[in-house]
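Here's the structure, in structure tokens; my notes come after.
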Amino acid sequence: MAVEESRSEKKTDSQTFFQTKKLDVTIGILSRTPRQSIKSTSWQYSFERLNSQSRYNFIPIFLSAKELNNAVASDELDFVICDAIYYLMLEKQYGLLRLLTRSEQHSETFITSEGLSVYTWDKNSDIIRLKDLKDKNIGIVDINSSISWLFLEKFLSNHGLISKININITPINEIEQSLILLQSGTFDAIISKSGLLDKHIAAEKMENLRLINPRRGWQAPFLHSSVLIPEWPLSKAWYIDNKLASKVVSLLLNRHNTASNEPNEENSYFLPQYSWDIAQNYNAINELFSLSEHIEINTSSRAEGSSKKMQYWISFIAICFLVGILIMYLRSSRDLNNRLTTSKESLEQEIKERQHAQEQALTHQAELAHVARLSTMGEMASGLAHELNQPLSAIHTYVQGCIRRINMGNTDLDAIVNALQLTAQQADRAGGIIRRLRSFVRKGESHKTYSEINQIISEVTGFLETQLKNKQVNLILDLEEDLPPVLADIIQIEQVLINLLKNGIESMSGIEKPSIIVSTRRSNHKYIELCVIDSGHGISEDKLKRIFNPFFTTKNSGMGMGLSISSSIIEAHDGKLYAENNTEQGARFCLTLPISEEHLGSNNNE
Ligand code: ADP
């Protein structure tokens, strides 16, 4: 047990009689940066508070994830401070119990939720969405090991970015240095714990930085790029009694009894001092993670026979028993063996045939979808030409201006450089439109990634902006925040959405004040539902039954393939597309997409 007599205590003669020896209490802190002293870390204030009493000597021990696991396994730590996700794994294996949750001060409020913010330089026009960070250099601002790396890993993989495989990650310990490296182009983006860079950027008025995938959650007063999870907990080992646990809680919770030790406001700006709050609900993490996939830590060093070991032995004996029975059974019947071989071969053959048929169906569907996208592009050509025309006209005007100045002998270089910069910006804008177009009409096999449905909607509505404007359609977005990602082929889902929106716009011709609502919500825990609701003429009962049939159309120049392809795309995503009339006016087309297994909470799986 780690509580023992302190050797470091100095005694004077007069004190000796009354002296009670301090008892050592160890607190393990998860840290990627090895260090000996608590001084100049964000934990300093917490330890000053803990050691402000005379009975215990609280000792901080900074440990890597593996070291922390081994130390908890061999009961060397009395208390543990680590990120919430890592804590859940340790709780599962070693029965840790969380007492408090770390909180950080932002202006007047204390925040107990943690998220990730991804910033890029505004001029990096090729980085719009998180998935654009593929093959890029990313700096991770990890001051005082403030980030949960398991959370970061999950965040990156949810956006199709697997660390070290298709992005290059460099941890960095200073905000300023990270910003300099971003500015110099060494990094294409930087990721930090939410709130950290935001404070700095606001204080320095750095308007040329752009937050990617901005979200607003009610738990935090700043924008962030990821969902929010609870902050780091402080937990006690299974053998620590309630008396000592209560002592720790009361020392850390009572924020106002040692005013002299309060963190220095000015200092805390660059070196945030953590404070503590009551323990938080962890359902959000269970929903975000399937924890089992992360448990890769060697647990064999635990000395006492744990229930895990017991389970292994029971499974081992059960497997031996079953194998024994199987051997006896096989020996007693050679025929059975032959039959098994034959049926295995035919089963393999059948599986191959099915796979082949499935692949063919997918290729066929991808080709069909591609043709439909080309046709959609054809229909939208005039709108896109208009969109392209704007930056091209601007470029023309700026360049004409420059030529005029030069011809007139005006040598104001600053003005010319300024005009050329504006020209370059407009060229970037035109390039962006072309890039979006090219990726949309790209021919390709279905390629699913974890995608944010609201992000897809904002991309598509940007795409259709000109068309909506021309038809004076009022677009209303009613999007639920913090939806879990879906596993989807972004281009295909964009295609479905464009089709639904185009149909909606076309159904409202001649209608006064045409409007379309696009809404998203979590439905039945397991699905995300997206609806496109128009205020058009609606669909008659007999047509409602046929609109998903191939080649069914009521339009003069219609192909009647849009809804049929859209419905097969959604079915290939294990979802459903259906249509109904609104009670008052117009029609609604809704689609569901399943939330991937690992983003479902354990309760929801039941
Ligand atoms: P197309 O648009 O080429 O006709 P679709 O498969 O997209 O092909 O649509 C089939 C038919 O479904 C349309 O011709 C139209 O009659 C009907 N339809 C689709 N969307 C709507 C809507 N929002 N309101 C009314 N009718 C619609």
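Tabulate in residue order the Karplus-calculated ³J(HN,Hα) for the range 352-357, using 6.51 cos²θ - 1.76 cosθ + 1.60 with θ = phi - 60°, rounded to whole Hz; enter x for Gly and Pro.
Result, ordered by residue: 4, 4, 4, 4, 4, 4 Hz.
Rounded if a/c is under 1.5, else prolate if a/b beats b/c, else oblate: with a ≥ b ≥ c from the C-alpha gyration tensor eigenvalues square-rooted, which is the range 42-109?
Working: a/c = 2.08, a/b = 1.30, b/c = 1.61.
Note, shape of the range 42-109 comes out oblate.
Give me the extension gain from ARG35 to ALA419: residue separation times 0.36 nm, minus the current Cα-Cα distance, reported in nm with one decimal.
That pair, ARG35 and ALA419, stretches by 133.0 nm at full extension.
At 7 Å along the Cα-to-beta-carbon direction for both THR341 and MET328, put a label point, then send me their distance in nm to one decimal.
With each label placed 7 Å out from Cα toward Cβ, I get 2.5 nm.
Take VAL371 and LEU223, extend 7 Å from each Cα along the Cα→Cβ direction, and tell me the distance between the two endpoints in nm.
Result: 4.3 nm between the two label points.
Would you give the gap between the C-alpha center of the range 86-135 and the C-alpha center of the range 177-214, rounded to a whole Å?
The range 86-135 and the range 177-214 have Cα centres spaced 15 Å from each other.
Give me the accessible area of GLU348, 1.4 Å probe, in Å² rounded to the nearest 10.
Using a 1.4 Å probe on the heavy atoms, I get roughly 90 Å².
What pairs from LYS22/LYS243; LYS513/LYS576; LYS92/LYS236; LYS471/LYS513; LYS193/LYS526 go past 20 Å between their alpha carbons?
LYS513/LYS576; LYS193/LYS526, as the Cα separations exceed 20 Å there.
Largest first, what is the accessible-area ranking of ILE517, ILE278, ILE127 with a 1.4 Å probe?
Result of the area sort, largest leading: ILE278, ILE517, ILE127.
Could you state how much accessible area LYS344 has, in square angstrom rounded to the nearest 10, with a 1.4 Å probe and all protein chains kept in place?
Number for this one is 120 Å².
From the Cα gyration tensor of the range 427-584, with a ≥ b ≥ c the square roots of its eigenvalues, which class applies: rounded if a/c is under 1.5, or else prolate if a/b is larger than b/c, or else oblate?
Values: a/c = 1.33, a/b = 1.17, b/c = 1.14.
Cα axes put the range 427-584 in the rounded bin.
Using heavy-atom solvent-accessible surface (probe 1.4 Å) with all chains present, what is the largest-first order of ASP188, ASP574, ASP489?
From most accessible down to least: ASP574, ASP188, ASP489.
Order 44-54, 399-409 from most to least packed using the mean count of other Cβ atoms within 10 Å.
Top of the packing list down: 44-54, 399-409.
With a 10 Å radius around each residue's Cβ, average the other Cβ atoms per peptide and rank 593-600, 562-569, 506-513, 451-458, highest first.
In decreasing order of mean packing, 593-600, 562-569, 506-513, 451-458 become 562-569, 451-458, 593-600, 506-513.
Evaluated at 37 °C with a viscosity of 0.692 mPa s, what Stokes-Einstein diffusion coefficient in µm²/s does the range 485-560 have when Rh comes from the Kirkwood expression over alpha-carbon pairs? Could the numbers behind the result be given before it?
Numbers: Rh = 14.3 Å.
The diffusion coefficient I find is 229 µm²/s.
So, taking all protein chains as they sit and a 1.4 Å probe, how much accessible area belongs to LEU577, in Å² rounded to tens?
Answer for LEU577: close to 20 Å² accessible.
By accessible area of protein heavy atoms, probe 1.4 Å, what ranking do ARG521, ARG102, ARG354 get, highest first?
ARG354, ARG521, ARG102
Going highest first, how would you order 58-64, 555-561 by mean Cβ packing within 10 Å?
58-64, 555-561
Which whole-number percent gives the relative contact order of the range 52-175, counting Cα pairs below 8 Å spaced six or more residues apart?
Working: 80 pairs, mean separation 26.0, N = 124.
Relative contact order comes out at 21 percent.
If contacts are Cα pairs under 8 angstrom and at least 6 residues apart, what is the relative contact order of the range 424-534 in percent?
Once normalised by length, the contact order is 28 percent.
The values are calculated or read from the model by the stated rules, or taken from the named source; none is laboratory data. Fair warning: this is a prediction, and the values are worked out from it, not measured in the lab. Glycine also receives a Cβ, built like all others from the backbone with ideal geometry; neighbour counts cover every protein chain displayed. Protein only, heavy atoms only, side chains kept; ligands, DNA and RNA dropped before computing areas. Shrake-Rupley method; radii C 1.70, N 1.55, O 1.52, S 1.80 Å.
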